[in-house]
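Visitor: For reference, the structure I am asking about is given below.
The values are calculated or read from the model by the stated rules, or taken from the named source; none is laboratory data. All of these numbers come straight from a predicted model, not from anything done at the bench. Cβ sites come from the backbone with ideal geometry, for glycine too, and all protein chains shown count toward neighbours. For accessibility, only protein heavy atoms count, side chains too; no ligands or nucleic acids. Shrake-Rupley method; radii C 1.70, N 1.55, O 1.52, S 1.80 Å.
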Amino acid sequence: MTLAAAPLFLRAPRRQRGVVLFVALIAMVILSLAGVALVRAVDTSMGAAGNLAFRQSTIAPVNEAIEEAVNVIFKAKTLPATNVDNPAFNYYASLQPNESKNGVPDVLRGSYATMTAAYTGAGLTGVHNDAVSATEVRWVVERVCNMAATTKEELIEHCDLVPPKVVSAGTDNEYKKVDLPPIPIFRVTVRADIPNTNTATYAQTFVK
């Protein structure tokens, strides 16, 4: 007598296939997240490298703008007067209102379009185009005063000076008192742009 074998229904492999699919989906999600993180890291690195390269390339034209300001005030002395605003020389006799928290004048702030409109609207004309770095350089010179001081007393009261502010006093044994003239300090702010982009860098120095 031959006994017929009962059919076997093996469902375990189906459950295993379901587990494998679930694990594969999790692995795909993890790989996708890793890929996105890698792309972002590469973009950040490239952006940082590009900004550093741009900053390095603007050193020479920025220095030229600062030298131009020094030449106008101290060397060639083509600036007619230091106590009067003179937009033709990019010069202000006092610090301008609405500057940023880090001391950038209002006419050099904002996007490229906003800045160029404000710069031209203020009557400022100095623009240096650097062929090597393909940048435009603009600058503003401000006397470090809170008003357009003219007299010696006004300069001492309202400006940062060199030498430091001192009281005009002497001693009983003095032969001849030396009257030191008040010498104001000037702030030069420079902005370098790649035209029609949001890429800009600033430089600032004080000259005396």
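Visitor: Let me check something: with ligands and nucleic acids excluded, how do Met147, Met28, Met115 order by accessible area (1.4 Å probe), largest to smallest? All intermediate terms of the calculation are to be shown ahead of the outcome.
Guide: On the way: Met147 60, Met28 120, Met115 0 Å².
Per-residue accessible area, sorted high to low, gives Met28, Met147, Met115.
Visitor: Over 27 Å between Cα atoms, which of Lys77/Lys152; Lys101/Lys152; Lys75/Lys152 qualify? Mind dumping the intermediate values first?
Guide: Details: Lys77/Lys152 20 Å; Lys101/Lys152 30 Å; Lys75/Lys152 23 Å.
Beyond 27 Å: Lys101/Lys152.
Visitor: Please report the net charge: other residues with Cβ closer than 12 Å to the Cβ of Asn71, K and R +1, D and E -1.
Guide: Summing Lys and Arg as +1 and Asp and Glu as -1 gives -1.
Visitor: Here's another thing I want to ask about it. How high is the relative contact order of the stretch 65-123, given as a whole-number percent (alpha carbon pairs under 8 Å, six or more residues apart)?
Guide: RCO, the stretch 65-123: 18 percent.
Visitor: Moving to a separate point now. Enumerate the aspartates and glutamates that Lys208 could reach by cross-link, defined here as Cα to Cα under 16 Å, with residues fewer than 8 away along the same chain left out.
Guide: Glu67, Glu68, Glu142, Asp160
Visitor: In Å, what is the Rg of the alpha-carbon atoms in the stretch 86-170, and how long is Dmax?
Guide: Rg and Dmax of the stretch 86-170, Cα atoms, are 16.4, 57 Å.
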